[in-house]
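Each reported figure results from applying straightforward, stated rules to the coordinates on display, with no laboratory input. Quantities reported herein were computed from a predicted structural model and do not represent experimental measurements. Every residue, glycine as well, gets a Cβ built from its backbone with ideal geometry; the counts of neighbours run over all protein chains shown.
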Amino acid sequence: MTEFIHHIPALIIVIPLLWGFATPLIGRLSKKGMYAWVVTALAITEALTIAQIYLVLTQGTQVYVMGGATYNTTIPPDSGGIPVRIILTVDAFSAFMAFTAATVTLAGGIYSITSEEGTSGESMYYTLLLLMLSGMLGMVMTGDLFNFFVFLEINSLASAGLIAYRVGKGISVEAAFKYAIISSVGALIYLFGVGILYGEYDALNLAMVASRMQFTGLDKVVMALFTVALAMKAGSVPLHYWVPDAYGKAPGAISAILVTASQASLYALFRVCFSLFGLGSNTLTTGWFLISLGLLSMFVGVTMALIQTDIKRLMAYHAISQTGYMLLGVGVGLATLGTAAFSQYGLQAMEGGIFHIINHAMYKGLLFLTAGAVIYRLGTSDLNKMGGLAHNMKYTTVFFMIGALSIAGIPPFNGFASKLMIYESTYLFNPILSIIAIVVSVLTLASFVKVFHSAFMGPKLYDVKEVPKAMLVGMAILTSLIILFGLFPNIAIQYLVGPAAKALANQAAYISSVMGGA
Amino acid sequence: MVGALNTYVTPSGFWNPILWLIAFLISLLLAYIIWSRGEKSYKKETEQVKPFFAGNVIESKERAHVRAHNIYWGFVEALRPYYMALKRIHTGDVNDYVAWFIGVTSFMLIIYFLWGVKP
Amino acid sequence: MLGNLPYITVVIVAGIGIYAMMWKRNLIKVVIGVSLLESAVNLFLVSLGYRAGGVAPIYTNAPSTKMVLPTPQALTLTSIVIGVAVDALLLSFCVVIYRHYGTLDPRKVRRLRG
Amino acid sequence: MMYVLLALYIIAAPFIVGALGILYGMVLKGIDRKLTARMQGRVGPPLRQPFYDVLKLLEKECIIPENAVKWLFNAAPLIALAASITTLLYLPIGPFPPLFSGNGDLIVILYLLEVPCLAILAGGFAAGSPYSTVGSQREMVLMISCEFPLAAAIIALAWKYSSIYPGLKAFSLTTFVNNPIWNNVGVLGFIGVGILLIVMLALSTSGLGRLPFDIAEAGTEISGGMLVEYTGRNLGILYINDAVRVVVFATLINAMFFPYKLSPLIANYVALPLAASLTIDFLFYLFKVFLIAFVTVTLMRVAFPRYRVDDVVKFYWGIAGLATLAALILIVMDTFFGW
């Protein structure tokens, strides 16, 4: 048993991967069995990610050597001091991201049981879903630059397939095509950077490269390639054009999971800025890069959302806008890294940004699921054709209201907790940042009020029933977490977010977890 | 003082959700007490439950619902030039998607070459 | 100069790929652009590990001569495999788009915008 | 024992503050109507008229329109009133520190102020009438417009405090009350804070939905807007909520800009027992609240006509927004140059 717990990081990635490929076989035998199979896989992964958080909190950063003699011999004695194997490096931030991804996927998976029931190729849907999860988890847990690329591509390909899952007279395919083009370009540009780093430092391990980093001219090229490619995958303005297409046209549950997929890239962006380049680079420049992307994303995203008339496209623009908060919070942390201001407010700004990651995953996931529920019943995503759903779909309405209040940062829901942290720390860096953040928050509220009115309020126009139970369960999982994090933000900060922020900020600890020594 | 437990502390502020929730529920009770003193009956199935249309004739329920695209006219109107510019760059053309990406990468290359590394 | 030839080729191929993605008014040609960029990256990786006069790094009991680096070759192989999957997926999307839209012009394949 | 007292405190607090807010709010409403009438050359209703109004509304039928989403339509007024009352708990009432001090700061208050608006506009949407819908979405536009100068004003003041007192919680109202802003700024900052005060007064007028910013109710255009379908006890609760909100906004501005007490001044001449000084300060607070309410509600109503919706946006994001940004710059300059 004690031996087993050290294999958790590998199992988290492997279980969805293998179970995913087995899904079509079981789907042949029995539909019900397949649902049970998939939900079991998701539940096990979720349980393992929780166990992993516990493990990381109690025992510190976990490293796992793929195919090594033992699980933690990062540098074999005959390798000349180079970590030759693929190493998973799970610190508190990775564990946090893995938990986020697994939770949303669990809710989305349960939701899909009825929402995708009876579509052709249902078993492929679950295969791709599990592959997508595996990709996300790999992205956040790997400590290897090239391995990250592989997981990124696994995730992108699975996502592209799922976005196009409902052809929708070709529109979904158009969205998937754009997504696939832009993400493969991004991934290739990233791979270029990996190649340059390998050429310079003879290593692919992130910690190894970080410890050897010289900041030559080529490294500056790598900085540009990495940060822009990952910012694009995270969906920040002005590289956000694929987001409304992809999120807007994917099936409901997939949109929710795509949010966490983007966040996995966001994780990588932060990881690269902090752990790879860290204090050797000009953190003011990289910090302001994140901050300005954050401000642009927040404002452009929300103002575009305000004028949308397609329910999911509107929410997709909000996903961009909320990503801005994370970039802003963590960007302020990065810009102050290594100065006195960091302990004064920089770390808290990072906590706010990182807390916002999980909050956003929960409430935006919930909102996409409610949007999916509305589309499931009405068959249209056009807000102009909706109305009066609150008369019949009470639970969906309540779930939507909770999600909307949360994303708008209305107390006492979780969005407020993280936004409060961001407002009350970033203003010390520059007062304008907080002002824009507050204004964007109310614009968010406004556009959700628009959805609330046009979809749920008004006279009873359609005689529809409430959505089936499985969909409600999926929504309820996320809702309960929203309320939990909203009412007990301290617990989240203490056990999830605080350690994650500290782990992210501490480059030396990350390097030494793999390289050993101080 | 009250409920130091669970107070969420930020660099320059604090917030205690549980305490607010309790106070809110108690205030809700207060409001409910006043509300419940009031008359609760009304004449159902009469003209008075019809929505107010200021004397206009509304032939169907659909007409009584204000649709999504009519909302926030005043706001969009006030920011018209901004929205015109914003709509112009959201072309939906896959060539432009790649072009923006390459453009931003080149821009950041220049920025990082100038200020990328601590002097 | 001659030693840098692979890298110059990489830049040229990548440039052509990016040009195709940015300016070609046909989705298939855009996919070709992605494919070219892939090839450029693969070439880049492989040439990173090249040692003049080296042998392939596949012997267990290798002769004590220079070998080319094994890792970039492994990377390239992986990258090629992923690239094939990406190209296949993109082309199949093109097929479906053409079936529904009747065109492959990116100026017309933009029902999603704004 | 400790916990029992604590529980009693938490339970009693909303009742005490709620009663104060409701009663004083109603009195202010009465005074406002009387004064407005006098300024327009009328006699006006008696001071206790608002109480009669509420009692009358409670006796009337409470009609739920057929298109309404019933549960939300009924819940909205209650949530609005409850949220308004809880906001008062975070504000210093006269000489007393906020009852929940240390548990909610200015940003929390900013959002708690939004909750009642939000509840009412949700109620307006839930009514299912085009008039109330138009009113509700106008209210939302008003909230958007106000947010920019409001956020700028709060952040500017908090930034100032954080630069003067790095050890204190800059967003805490206790900081504001113990260190009045005017005493902590030079000439430039004084001008800046003055601008902020004017903007805040305008903002509280629109936060209360009064003329010239009553676009969401606009009796003459959209027949009461959000409230058009509300009748009987629901409308009564909304009426009370409106009264409480006047007290809330006036108290907030009082705490942010005029947290002065009268008792130290008197104590220079006469020795005062604690009870007496508290009473004097409390009465002084009531007077200040009246003055602020008079400026934001009565004077504005008499002096200005109603704005159009897009003009409100242009006003707050244009002139008022630029003014607050200018104030922010002045305050920052004040800190760096120290005049």
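Things to note:
- With the simple spin-label model, which puts each label point 7 Å out from Cα in the Cβ direction, the residue A:284 to residue D:326 separation comes to 3.1 nm.
- Once the Cα gyration tensor of segment A:282-487 is diagonalised, semi-axes √(5λ) in Å: 34, 16, 12
- Pairwise FRET efficiency - residue A:495 versus residue B:25, Cβ, R0 = 22 Å, nearest 0.05: 0.20
- Ranked for footprinting exposure by Cβ neighbours inside 10 Å, fewest first, B:15, B:115, A:288 give B:115, A:288, B:15.
- Neighbourhood charge, 14 Å Cβ-Cβ cut-off, centred on residue D:188 and excluding it, Lys, Arg +1 and Asp, Glu -1: 0
- Working from Cα pairs under 8 Å separated by at least six residues, relative contact order for segment D:16-337 is 29 percent.
- Here the relative contact order of segment D:195-337, from alpha carbon pairs under 8 Å that lie six or more residues apart, stands at 37 percent.
- Gap separating the Cα centres of segment C:73-97 and segment A:179-232, nearest whole Å: 21
- Distance violations [Cα-Cα > 22 Å] among A:178/C:29; A:364/A:469; A:469/D:70: A:469/D:70
- The protein assembly as shown, dipole about Cα centre (Lys/Arg Cβ +1, Asp/Glu Cβ -1), debye to the nearest 20: 1700
- Look at the dipole of the protein assembly as shown built from charges on Cβ: of D:90, A:274, A:512, the Cα furthest out on the positive end belongs to D:90.
- Taken along the Cα-to-beta-carbon direction at a fixed 7 Å, the label points for residue D:276 and residue A:340 span 4.8 nm.
- What separates the Cα centres of segment A:484-498 and segment D:311-329 is a distance of 37 Å.
- Against chain C, whose longest principal axis comes from its Cα atoms, helix C:27-48 is set at around 10 degrees.
- Dipole magnitude of segment A:290-444, debye to nearest 20 (Cβ charges: Lys/Arg +1, Asp/Glu -1, about Cα centre): 420
- Each label was represented as a point 7 Å from its Cα along the Cα-to-Cβ direction; for residue B:113 and residue D:56 these points are 7.8 nm apart.
- With the charge dipole of segment A:282-487 set up from +1 on Lys and Arg Cβ and -1 on Asp and Glu Cβ about the Cα centre, the Cα lying farthest toward the positive end among the listed residues A:343, A:400, A:301 is that of A:400.
- Cα centroid separation - segment A:59-111 against segment A:435-467, whole Å: 41
- Acute angle (nearest 10 degrees) that the helix A:145-163 long axis makes with the longest principal axis of chain A, alpha-carbon atoms: 10
- Label zone at residue D:294, where the point sits 7 Å out along the Cα-to-Cβ direction: segment D:19-63 residues whose backbone N lies under 12 Å: D:31-32, D:35-36
- Seen from residue D:44, the other residues with C-beta closer than 9 Å to its C-beta sum to a net charge of +4, counting Lys and Arg as +1 and Asp and Glu as -1.
- Residues D:242, B:96, ranked from the fewest to the most other C-beta atoms within 10 Å, line up as B:96, D:242.
- Acute angle (nearest 10 degrees) that the helix D:130-164 long axis makes with the longest principal axis of chain D, alpha-carbon atoms: 10
- In a DSSP loop and with at most 16 other Cβ atoms within 10 Å, the GluC sites (Glu not before Pro) in segment A:100-172 are A:117.
- Applying 1/(1 + (r/R0)^6) with r as the Cβ-Cβ distance of residue A:40 and residue A:120 and R0 = 30 angstrom yields a FRET efficiency of 0.80.
- Mean residue ellipticity (222 nm) of the protein assembly as shown, computed from DSSP H runs ≥ 4 via -39,500 (n - 2.57), nearest 500: -23000 deg cm²/dmol
- Dipole of segment A:134-220 [Lys/Arg +1, Asp/Glu -1 at C-beta], most positive-end residue of A:217, A:151, A:173: A:173
- Ellipsoid equivalent to chain C - semi-axes via the Cα gyration tensor, in Å: 38, 16, 8
- Counting every C-alpha pair in the protein assembly as shown, the share spaced more than 42 angstrom apart comes to 41%.
- Student exercise, chain A dipole from Lys, Arg, Asp, Glu Cβ charges, in Debye to nearest 20: 1120
- Local electrostatic count at residue B:80 - Lys and Arg +1, Asp and Glu -1, tallied over other residues with Cβ under 12 Å: 0
- Ascending count of other beta-carbon atoms within 10 Å, so fewest first, for A:356, B:65: B:65, A:356
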